[in-house]
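**Q** Pasting a structure here, questions to come.
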Amino acid sequence: MSVPDGARAGLPLESAKPRNPLSRARIERISDRTVSAFGLVFGLQTLPTALGQLSHLREPWGGVWMIVIFGGLALTVVLAVIQRGVKIAMGVLAVVYLAAIVTWPLLVDDPAAFGADKPWVWFLCSVFTAFAAVAYPLWLAIAYTFVAPIAYGVVRALPAGGGVGVELAGLDTIYAIILGGVILAIIAMMRQAASAVDTAQSQALARYANAVRQHATEVERVQVDAIVHDSVLTTLLSAASARSPEQKQLAAAMAADAIGHLHAAEAAPPEDQSAVGLDRLTERLVTAANAFSSPFQVEVRDVEVHTLPVNVAEAVYSATVQAMVNSMQHAGGAGVQRSVSIRGGGPSATVEVVIRDDGRGFTESEVPAERLGLRISIRDRLAKVGGRARIESEPGVGTTVAIMWPSADSQMPGSTVASALHGPTVATGSEAGE
């Protein structure tokens, strides 16, 4: 069997990664290099102004700030090219730049001689807000985008910053905030899009690997069925032509052997029993939960060390998504609180996933028979792999659907495999009525 592109021999197919994805890592490299180059260009444009204002600053601190900031801009370009520590350097320089703004009144030797010229640090404000957008978490980058321009606006209104008054200082501040906000929004959207592409690629590759395994299993099963068929047919022909005691004894032995083949074929599980990590299933469930117009609150615990058969993971995933869809369709609108809890190693089984809502609820006996969401998409699907679904709902209170694998009162085919894998329990809560 051929191995999919991007997979290495000896590794499980589900661990394979796309060879050239538009990935978060790739976007980060592009952002590092683009922003560092942008910073160096602006730094070179600002350097003549900084040198012209150097005589008005206290020695040696004015020169020290210039060396640190402009040298740091050049250093980030080198680090971005070699991809070593560039985000750390950007984060440190953003702090250094903010310190330069705050201490600017202390650097100016004679505010009267400095005049109304803009401090050279102003021309680098957008550079360092971009550095913060790349280096910091989103919430901290947002805070920096406001703090740095506001700090400059305060300094600009002081005599050491030109004393231009509150109005002009406020306009400079707003301009810097808008420009920094645009840069931050672009970087955040690029990261979000890249992460979504990575997730989609990973799931598509996992599904493809699943299909390849199942196809291989089916081909092997057809081959086994052909062997069994030939064995049984030969036995029947031998029995039909047996006349002597020796021929009848040989036919009986062949029949016993054929029966053994049939028992072995019956015991063999019809689906792929390869193991998949619960953490991989959790990633898919979290992605699905966040994709709804009214996202589910997600809680994940202890999923890193558990595994389950691929066919069980698919059944649990499908049943869980169906339960969430039911909740979205029947529980109510945006005011309904919905949650998903995924837990490994629960008291009643290896894994528990619980989805709840506090929507309108229902009475299960009143669900029309033509609605198959509960019976086919959840209960029967799990029963086929040895699982069980427990549904609790009360009108006006809400709904919880608990999906367990392995079920305490049932065993799936191939129980020896399930036992070896420590089959998981998954609980899901949502509205019924697909």
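The values are calculated or read from the model by the stated rules, or taken from the named source; none is laboratory data. Remember, predicted model here, so these are calculated numbers, not experimental data. Cβ coordinates were reconstructed from backbone atoms using ideal geometry, including for glycine residues, and neighbour counts include every protein chain displayed.
**Q** Pick from 286, 300: which is assigned by TED's automatic domain parsing to the domain that holds residue 314, at pLDDT 80 or above, within 32 Å of the chain's Cα centre (by Cα) and assigned to a helix (DSSP H, G or I)?
**A** That would be 286, the only listed residue that is assigned by TED's automatic domain parsing to the domain that holds residue 314, at pLDDT 80 or above, within 32 Å of the chain's Cα centre (by Cα) and assigned to a helix (DSSP H, G or I).
**Q** Test each condition in (1) under 24 Å from residue 37 (Cα atoms); (2) within 41 Å of the chain's Cα centre (by Cα); (3) not basic (Lys, Arg) for residue 171 and report the one that comes out false.
**A** (1)
**Q** So, in region 54-71, exactly how many residues are in contact with a Gly (Cβ under 9 Å, 6 or more places away or on another chain) and assigned to a helix (DSSP H, G or I)?
**A** Matching residues across region 54-71 total 5.
**Q** So which residues in region 340-359 are modelled with pLDDT of 85 or more and either surrounded by fewer than 18 Cβ atoms within 10 Å (Cβ to Cβ) or assigned to a loop (DSSP other than H, G, I, E, B) (or both), if there are any at all?
**A** Across region 340-359, the qualifying residues are 358, 359.
**Q** Another question about this same structure. If residue 149 passes every condition in (1) surrounded by fewer than 16 Cβ atoms within 10 Å (Cβ to Cβ); (2) in contact with a Cys (Cβ under 8 Å, 6 or more places away or on another chain) but one, which one does it miss?
**A** Exception for residue 149: condition (1).
**Q** Which ones in region 367-383 are at pLDDT 70 or above and either more than 25 Å from residue 309 (Cα to Cα) or in contact with a Lys or Arg (Cβ under 7 Å, 6 or more places away or on another chain) (or both)?
**A** If the condition is that a residue be at pLDDT 70 or above and either more than 25 Å from residue 309 (Cα to Cα) or in contact with a Lys or Arg (Cβ under 7 Å, 6 or more places away or on another chain) (or both), then 382 is the only one that fits.
**Q** Something else: Here's a check for you: in region 30-45, which residue that is polar (S, T, N, Q) and at pLDDT 90 or above is nearest to the chain's Cα centre (by Cα)?
**A** 34
**Q** Within region 259-273, is even one residue buried (at least 19 other Cβ atoms within 10 Å of the Cβ), touching a helix residue (DSSP H, G or I) at 6+ places or on another chain (Cβ under 6 Å) and at pLDDT 65 or above?
**A** no
**Q** Right, something else. For residues that are among the charged types (D, E, K, R) and within 27 Å of residue 27 (Cα to Cα), scanning just region 57-111, find the one that is surrounded by the fewest Cβ atoms within 10 Å (Cβ to Cβ).
**A** 84
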